[in-house]
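> What follows is a structure written as structure tokens; I'll ask about it next.
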Amino acid sequence: QVQLAESGGGSVQAGGSLRLSCAASGGTFSGYNMGWFHQSPGKEREFVAGIGRSGRTSYADAVKGRFTISGDNAKNTVYLQMNSLKPEDTAVYYCAADRNLGGLKTAGYEYEYWGQGTQVTVSS
């Protein structure tokens, strides 16, 4: 089964940028639909962005135009480029993989494999 490891989180000021990485092992990410989710204290986990096997991408309305998801097959890694960060983007960010056939999902329960998460903190 695939194992996922996120990195790249940190603390930035509003307006700054971060790039999160999700390295996959035990499987090739191109064989999965991949998603990024985030969770803030007291809130439920929310879909941020996803990339399907076909390369199709999807974004939550709150991040459209600011975040970009991409994948590097050679490195077996999925990235989330986050620009123009806002304090409300502060959360733990998780990478997830959906092994099932079908289109890109936005619900967390559709994903079987999860990374350990990386903290993103945006100060005003």
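> Suppose we filter the range 64-84 for residues that are more than 15 Å from residue 95 (Cβ to Cβ) and of a type in the set (A, V, I, L, M, F, W, C); how many remain?
1
> Let me ask something else. Within the range 10-53, track down each residue that is under 19 Å from residue 66 (Cα atoms), in contact with a Gly (Cβ under 8 Å, 6 or more places away or on another chain) and among the hydroxyl-bearing types (Ser, Thr, Tyr).
21
> If I filter the range 11-37 down to residues being open to solvent by less than 20 Å² (accessible area, probe 1.4 Å) and in a strand (DSSP E or B), which single residue comes out as nearest to residue 92 (Cα to Cα)?
37
> With the condition being open to solvent by less than 40 Å² (accessible area, probe 1.4 Å), I'd like the strands (runs of 3 or more DSSP E) fully within the range 44-124 carrying at least 2 qualifying residues.
Strands (runs of 3 or more DSSP E) meeting the threshold: 46-51, 67-72, 77-82, 91-98, 118-123.
> Under 9 Å between Cβ atoms, at least 6 apart or on separate chains: pull out the pairs that start in the range 54-72 with a residue that is more than 17 Å from residue 105 (Cβ to Cβ) and among the hydroxyl-bearing types (Ser, Thr, Tyr) and end on any residue that is outside any strand (DSSP E or B) and open to solvent by 40 Å² or more (accessible area, probe 1.4 Å).
68/83
> Would you mind telling me which numbered condition in (1) at pLDDT 95 or above; (2) of a type in the set (A, V, I, L, M, F, W, C); (3) out of contact with any helix residue (DSSP H, G or I) (no Cβ under 9 Å at 6 or more places or on another chain) residue 82 fails?
It is condition (3) that residue 82 fails.
The values are calculated or read from the model by the stated rules, or taken from the named source; none is laboratory data. Quick caveat, the model's predicted, so the values are computed rather than measured. Here the Cβ is made from the backbone with ideal geometry for all residues, glycine too, and neighbour counts use every protein chain on show. Only protein heavy atoms, including side chains, enter the accessible area calculation; ligands, DNA and RNA are left aside. Shrake-Rupley method; radii C 1.70, N 1.55, O 1.52, S 1.80 Å.
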